[in-house]
Structure formats: C-alpha cells, structure tokens
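Notes follow the structure.
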Amino acid sequence: MTPVTPAIAPSPEARLGPPVPCNIAAFLPAAAQDRPRALAIVCPHGRDRHGRRAYTHLTYQQLDAWSDQIARGLHASGLVPGTRAVLMVKPSLAFFALTFGLFKAGVVPVLVDPGLGIAQLKQCIGEAAPQAFIGIGKAHAARIVLGWGRTTVKFVVSVDSGWGWGGITLAELCARGGDGPPVLAGTAPTDMAAILFTSGSTGPAKGAVYEHRHFLAQVDLLRDLYGITPGEVDLPTFPLFALFDPALGMTTVVPEMDFARPAAVDPAMLAELIDDWGVTNVFGSPALLATVAAPRGAGGGAAGVRWPTVRRVLSAGAPVPCHVLEAMHRILPAGAEVFTPYGATESLPVASIGSREVLAETRALTESGAGVCVGRPAPGIDVRIIAITEEPLAAWSAVRELPAGQIGEICVHGPTTTAAYFGRPAATTLAKIARGEAVVHRMGDVGYFDARGRLWYCGRLGHRVQWGERTLHTAPVEEIFNVHPSLRRAALVGVRVAGQVEPVVCLELLPGAIVRGAALATELQALAAKHEATRGIVRFLEHPRFPVDIRHNAKIGRELLAVWAQAKLGTP
C-alpha cells in the first residue's frame with residue numbers, strides 16, 4: 001500500500017501556531033483549517049479481498065468535527081468544565097474523538113491502565129471520584145459488578161455496543177451534540193486538564209494532576225527536542241503518547257496489539273504498518289524493542305524485520321539494554337536513531353540521550369558500574385541532586401544539594417512538572433518540595449551528574465540495598481552482570497540472612513542459555529570481583545521469569561523478587 005501524502009504538505013520548518021485558549025485541543029481546529037484532508041488517525045480494520053491489512057481513518061477535519069459533536073453532547077447532557085470522567089476505551093478512532101471532545105468541553109479525563117488489577121482499579125477510580133464513566137462494554141460490566149464509582153458516577157456512556165449500561169450510547173451522545181458551532185472551553189493554564197495514573201510498578205498507582213499548561217509544554221519540548229514536524233507519521237505502541245500527535249501535526253497509525261503486553265507484540269505486524277504508511281516515528285517500551293530487535297546474539301531483527309522509513313524511535317519506561325540499541329540500528333536506516341527520554345508520569349521529559357552517544361561513549365562506563373546515562377536535561381528543565389532521605393521535605397531550605405559525582409535523589413522542576421496527586425495529600429507531601437513559588441518533584445530515583453553535565457540513573461531510591469556500611473544501587477550492580485551472555489537481565493534485592501541484610505542478585509536467563517547453576521554463579525562471582533560496585537557479592541538465584549509492570553513490561557518488580565528470594569533462602 002502506498003503511503004498517503006497529506007493534502008497540504010507543510011515545509012520542514014512549519015509549525016502549528018500556539019493554541020488559544022490554553023487547551024491542547026485548540027491545536028485540532030487549527031490543523032483542521034490548515035490541513036483538512038490530511039490523515040489524523042489511521043486504524044487497522046480487518047483484511048481486504050487480497051488478504052492485505054485494511055484500514056479506516058479520520059482526517060483532521062473529521063476528527064475536529066466529531067470531537068466538537070461529542071463536546072456539544074457532553075454539555076447538552078449537563079457536564080460542565082471541571083467534571084471528571086473516567087475514560088476506559090481501547091485505542092481507536094472513538095478513543096481519540098472522545099479524548100479531544102472531553103478536552104474541548106473542559107471535562108477532565110481520568111486515565112487508568114486497565115491492567116492494574118481489580119483492587120488497584122477500584123482504588124484509583126474511588127480516589128478520582130468521577131462524575132462520569134465512558135467505556136467499552138467490558139469496562140461497564142466491571143463497573144457494575146465491582147462497584148467502581150458507585151457513589152459518584154451519575155453519567156454513563158457506552159462506546160462499543162447498543163447497550164447503554166445504565167446510561168446512553170456514544171451514538172446517542174453524538175445525537176445530543178447534533179450540528180452546531182465549534183466548542184472550545186476557555187480553560188486557563190492552571191485549570192485541571194486530566195488525571196493520569198502512574199503505572200503502579202513501585203507502589204500504589206497515583207493520579208498525577210495535569211494542568212493544561214503541562215500538556216502544552218510537553219508538546220513544545222517533544223517537538224523541539226526531537227525535531228518533529230507536521231506531516232510526519234507516528235506509530236505509538238503506548239496509547240497516551242499518541243494524544244500528542246494531533247498537536248504535533250502527525251498522523252497516528254494505531255497498531256493491532258495488546259497494549260498491556262508490549263513485549264508480546266508481533267514484529268511483522270509493526271513492519272507491515274511501517275511499510276504501508278511510511279512511518280517516521282515510533283514510540284515503544286524497551287521490552288517491545290527487545291522483541292522486535294530479537295534476542296542477544298541473533299543476527300539482525302526478528303525474521304529479517306526492517307524499518308526503512310523510520311527517522312527516530314523513542315523508548316521510555318526503563319533503561320534500554322545496549323545490545324537492543326545495537327540490534328535496532330540493524331533494523332533502522334542510516335541516520336536514524338533511538339532516543340531514550342528519561343522522566344515519569346509526573347514530569348516528562350526530564351532528560352534525553354541518543355543511541356549513538358550511548359554506544360560510542362557511555363556503554364563502557366555503564367558496564368563497569370557507573371549506572372545508566374540518561375543524557376542532559378531537556379531545555380527549561382532544572383534537575384538537581386539532593387542528599388538521600390525518605391522523609392518529607394516541606395521546603396528547599398531543608399534540602400542538601402550534592403555536587404557532581406555524588407549519588408543522591410533526582411529532583412526536577414520545569415513547565416512539564418506536575419504539582420500534586422489527586423486525592424493523595426500524603427503522597428503529594430512526600431513527593432513535592434516548595435522552592436519559592438515553584439514546586440519541585442522528587443523523582444524517587446537516585447543518580448548523579450558527571451563532569452560533562454550528563455545525568456546518570458542508578459535506580460529507585462526504595463530499591464537500594466544497605467549492606468553494612470555500603471549502599472548498593474540497582475543499576476550500577478545489575479549492568480555489570482547483564483553483560484554475561486547467558487543472562488537476559490539481573491535484579492539486585494536485599495534479603496535478611498542470619499539477621500543481617502545481604503545482597504542477592506536474581507537472574508533471568510536467556511532461552512537456551514548454556515551456562516547455568518553453579519557454573520554460572522562461579523562466573524558471576526568472578527565478574528563481581530573485578531568491579532568496586534559489585535565486590536563481595538556471592539549470592540545468585542535463577543528465576544524463571546521476572547515480574548514486570550503492566551504499562552511497559554520493562555520495570556522489574558523487585559519488591560516481589562525480594563519476597564521470592566527471601567523464601568528461597570529461608571526465613572531470617
């Protein structure tokens with residue numbers, strides 16, 4: 001299939017104008033006016049008579065009109081700006097129309113990962129106290145059976161069937177909107193725009209409060225940091241990233257995949273979409289890239305996969321292994337690069353580095369115990385390292401900043417940094433520090449700056465292991481062992497042995513690994529002895545498959561591994 005060319009091709013320097021009012025949805029009518037027939041969203045839709053993948057789409061004009069209709073329908077149904085609405089809809093044409101319809105109406109979408117599990121989903125939805133619930137049939141069935149939002153939800157929309165599930169269907173909502181003038185709520189920069197829940201990989205998921213100014217700042221940073229121009233084609237394998245595409249003037253191609261299991265993606269499917277649409281940008285988790293690039297030791301991409309039109313790949317959620325970066329360069333054309341933006345739901349992006357710098361300069365240091373280099377801070381982002389403490393820090397006067405070379409907690413402030421969690425005052429107090437009128441976010445990560453101003457990630461603050469007078473951090477330790485050809489990855493945990501905390505390195509082996517058991521432990525002990533960060537580590541446990549987060553399939557569940565390791569070694 002020949003890639004579709006936008007009806008009005010922008011120059012490489014072209015940019016969408018600033019939105020008025022301060023609302024990310026304001027980019028949409030501007031794009032619809034400038035490029036009405038350019039494709040905004042493309043979704044696979046079965047197969048054609050030749051067996052090729054078929055597609056359905058929305059142009060910018062169609063997406064703008066449909067989202068206006070939804071916004072009018074929401075207002076006609078009594079929803080006012082500031083109303084909170086849970087949105088549980090699979091990535092689809094309707095998902096984008098609904099999201100931008102909510103933004104246009106000033107209604108606050110509450111976005112929660114469905115894979116969090118029943119208990120966390122109920123807790124998250126309860127904390128958000130939504131007045132509306134918009135979802136597919138399965139979400140409504142769970143809502144009714146499990147009591148999600150039972151005391152607060154007053155308005156319900158069903159998206160994928162003719163059943164109202166106690167409310168109305170999407171078709172009925174659109175009928176209420178009918179024909180009428182464009183809608184764009186006059187939102188202010190500090191008005192709440194959305195509640196985005198964290199992945200819950202290192203504790204209970206928390207709802208970060210996004211104001212409209214945060215979204216606009218993210219659009220500016222992503223565009224400028226990576227040179228994204230209108231007319232590009234994006235293949236986002238993480239749905240939330242796709243919401244920036246219309247504001248960046250990109251066409252979104254939605255893949256057919258289980259977004260809660262990116263590691264299980266079909267590389268051939270991604271390659272077909274890239275070939276069909278001339279995709280220039282891909283966003284994928286490290287686990288997805290590892291699947292596409294094929295395991296360590298394989299010669300090239302999975303089944304000869306190539307991405308000939310891709311200019312850049314963005315990968316976030318966890319460090320990307322260097323062997324995966326190497327394999328991705330065999331898939332990508334000359335001049336393309338993999339970028340690994342560092343950040344969190346509460347502040348993204350914080351810093352960024354490209355694969356060429358990693359492979360040429362920082363890899364050797366990482367494999368010697370220096371941690372993982374995440375690059376230089378993004379423009380306008382103030383990053384500082386403070387002395388480690390697990391106590392709240394109410395004001396910056398209570399902070400002790402550390403110089404370059406010293407490991408401490410990473411703290412950030414910038415136009416993309418959120419100031420609070422919704423309904424979680426205690427979590428907000430622990431994660432935020434007042435510095436004058438600014439609110440600084442404590443990342444919960446530890447790291448340091450090198451002499452060249454590059455930020456190095458050393459792991460989660462809560463995952464460090466205090467071993468006598470030594471403090472072991474996960475990334476410096478694990479990356480030393482990750483070079484072993486039998487390992488897929490290693491994970492450091494602390495276990496109590498004879499009343500004392502001892503470091504234990506859990507091992508996930510590659511399929512077909514030849515060196516195992518005692519022989520592997522002996523080789524790893526010899527490797528540990530060569531580096532200061534791992535000197536003296538002697539305990540290794542092979543684990544069948546590490547627990548990982550549901551959002552990226554890349555963050556290791558070290559809390560669960562620690563419990564498992566403790567049981568394997570016996571009670572303290």
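The values are calculated or read from the model by the stated rules, or taken from the named source; none is laboratory data. Keep in mind it's a predicted model, so treat the numbers as computed, not measured. In this analysis, Cβ positions are derived from the backbone assuming ideal geometry, glycine residues included, and neighbour counts consider all displayed protein chains.
Odds and ends about this structure:
- Residue within segment 493-514 that is of a type in the set (D, E, K, R), in contact (Cβ under 8 Å) with a residue 60 or more places away in the chain and closer than 26 Å to A287 by Cβ present: no
- Within segment 37-49, the set of residues being more than 18 Å from F244 (Cα to Cα) and outside any strand (DSSP E or B) comprises R37, D48, R49.
- When we screen P319, P333, P379 for residues that are modelled with pLDDT under 95 and not hydrophobic (A, V, I, L, M, F, W, C), the only hit is P319.
- The residue that is farthest from D34 (Cα to Cα), among those in segment 217-264 that are β-branched (V, I, T) and part of a loop (DSSP other than H, G, I, E, B), is T237.
- Of all residues in segment 96-124, those satisfying the criterion of being in a helix (DSSP H, G or I), in contact with a strand residue (DSSP E or B) (Cβ under 8 Å, 6 or more places away or on another chain) and either among the hydroxyl-bearing types (S, T, Y) or surrounded by fewer than 24 Cβ atoms within 10 Å (Cβ to Cβ) (or both) are T99, P114, L116.
- Unique residue being in contact with a strand residue (DSSP E or B) (Cβ under 7 Å, 6 or more places away or on another chain), among the β-branched types (V, I, T) and closer than 27 Å to A290 by Cα when the list is V501, V493: V493
Listed here are the residues, each with its yes/no results for (1) closer than 30 Å to Q500 by Cβ; (2) touching a Lys or Arg at 6+ places or on another chain (Cβ under 8 Å); (3) outside the structural domain of L507 (by TED's automatic domain parsing); (4) crowded, with 22+ Cβ neighbours inside 10 Å.
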{"site": "P392", "(1), (2), (3), (4)": "yes, no, yes, no"}
{"site": "C411", "(1), (2), (3), (4)": "no, yes, yes, yes"}
{"site": "T416", "(1), (2), (3), (4)": "no, no, yes, yes"}
{"site": "G423", "(1), (2), (3), (4)": "no, no, yes, no"}
{"site": "V440", "(1), (2), (3), (4)": "no, yes, yes, yes"}
{"site": "G447", "(1), (2), (3), (4)": "yes, no, yes, yes"}
{"site": "G459", "(1), (2), (3), (4)": "yes, no, yes, yes"}
{"site": "E479", "(1), (2), (3), (4)": "yes, no, no, yes"}
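- When each of I386, I353, I433, I407 is tested for being touching a strand residue (DSSP E or B) at 6+ places or on another chain (Cβ under 9 Å) and over 30 Å from N482 (Cα atoms), the lone residue that passes is I433.
- Restricting E532, E508 to residues that are charged (D, E, K, R), more than 26 Å from the chain's Cα centre (by Cα) and at pLDDT 95 or above narrows the list to E532.
- Scanning segment 319-350 for residues that are outside any strand (DSSP E or B), farther than 17 Å from P236 by Cα and in contact (Cβ under 8 Å) with a residue 40 or more places away in the chain yields P319, P321, C322, E346.
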